[in-house]
Amino acid sequence: GIDQINVEALGTTGLTGDATLGEFDIFALESALNTANINGGPALGLQISDAQANTLADGTVAFADDASQVLVDAGEGTHLATSLKELQKLNIDAVSVMGDGSLTVELGGAGGDLESIATGGLPQFDLNDNISLELSSTSELINGGLDAAGVNALLTAGIDQLTLNITDINSLFTGIDGGLDSALTSAVNLAETAGTGIAPLDVRLDVGGHQNADSLTISDSQAQALVTNGLEFVAQDNITVDAGEGTHLATSLKELQKLNIDAVSVMGDGLTVDLGEGSINSISLDANGLPSFTDTADITLALNSAEQVDLGNLESLTAGLASLEIAGIDQINVEALGTTGLTGDATLGEFDIFALESAL
């Protein structure tokens, strides 16, 4: 009933490219496991640590591409030391993740290798985990040759998102109008729409890479361009949208939330921001929470539809309004709802404006 052999406790001392783990030939063990399988013995696999895989990847020997399964144990780490290219080079069959199931693995290899890596035989990650493939720059996505087959190969292997390491936000914008680079938008669109019967391959921006929680300030127009083209920042970065002296933000509150924006700076006395899709009831300060607004400015949240407030669920409405207050929203503007249906029985269409005031 034994399923696999675990050699993680042997460490990495003496582990070199000539396939020795101390005086222990790990490749010979894997070969013996495969031979046992061929002879009708138990289908034993081999489990090694991330550190062991990373050391083995520096050598020239790989595990045989045979019936014996080789698994890399990522433990409770959030970042794999062994790149996807190195896992592929070693013929690793699977990667296990403990902790909260979130793991970042670097692409590795030279720029332009994304498609060849994606379709060259990938290790299997648990489809229930949150696996991010980190690219060292946007050019690895733009020039990597990734096509629909590559996207589906990544998704099938359990990779949920691509993370693009950026150092200069302005490098993403080109042309006289300062729009988002067309090659980047095309590559992002392919990644996020080419999946067949599988959830989309999300694309996120990471300022300075996974090892840093860097800060970045972007303009309102840049924020709008990014969210329109399906991009967002990773949660650990500290991103501020500079509203300048504008009085109405082009990027809605829901879009700021989707982008993982942490703060909005306002130079003028006041700023209006539209709620966007969804309702006040679904507003949350938790994951993908609300940005904070400048304390000294008067911040107005504008509603454009009666459906943006569910007065039938006062518990979630009260929670949403409390989150808005904490974020720095000072007032709710319902002028865009007009007067249609506004009568003495306190209805604005199907919207009870008096009930909203009471909830406030």
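The values are calculated or read from the model by the stated rules, or taken from the named source; none is laboratory data. None of these values were measured; they are calculated from a predicted model. Neighbour counts are summed over all protein chains in view; Cβ atoms, including those assigned to glycine, are modelled from backbone coordinates with ideal geometry.
Quick notes on this one:
- Search result, residues across the stretch 320-329 that are over 24 Å from the mean Cα position of the chain (by Cα) and surrounded by 16 or more Cβ atoms within 10 Å (Cβ to Cβ): 320, 321, 324, 328, 329
- Some residue of the stretch 123-134 being within 30 Å of residue 221 (Cβ to Cβ) and part of a loop (DSSP other than H, G, I, E, B): no
- Of all residue pairs spaced 6 or more apart or on separate chains, those with beta-carbon atoms under 7 Å, a first member in the stretch 91-109 that is closer than 15 Å to residue 72 by Cα and a second member that is part of a loop (DSSP other than H, G, I, E, B) and aromatic (Phe, Trp, Tyr) are 91/63.
- Only one entry in 192, 134 is acidic (Asp, Glu), touching a strand residue (DSSP E or B) at 6+ places or on another chain (Cβ under 9 Å) and more than 26 Å from residue 81 (Cα to Cα), namely 192.
- Selection count where residues are of a type outside the set (A, V, I, L, M, F, W, C) and either within 17 Å of the chain's Cα centre (by Cα) or at pLDDT 90 or above (or both), scope the stretch 154-181: 6
- Across the stretch 202-229, the number of residues qualifying as modelled with pLDDT under 90 and surrounded by 14 or more Cβ atoms within 10 Å (Cβ to Cβ) comes to 4.
- Residue among 57, 118, 81 that alone is out of contact with any strand residue (DSSP E or B) (no Cβ under 7 Å at 6 or more places or on another chain) and within 17 Å of residue 160 (Cα to Cα): 118
- Taken residue by residue, the stretch 78-94 has no member that is modelled with pLDDT under 90, of a type in the set (D, E, K, R) and in a loop (DSSP other than H, G, I, E, B).
- Residue 124 closer than 21 Å to residue 260 by Cα and modelled with pLDDT of 90 or more: no
- The stretch 230-257, subset surrounded by fewer than 19 Cβ atoms within 10 Å (Cβ to Cβ) and not in a strand (DSSP E or B), residue modelled with the highest pLDDT: 250
- Within the stretch 18-26, at least one residue is farther than 18 Å from residue 123 by Cα and either at pLDDT 75 or above or touching a Cys at 6+ places or on another chain (Cβ under 7 Å) (or both).
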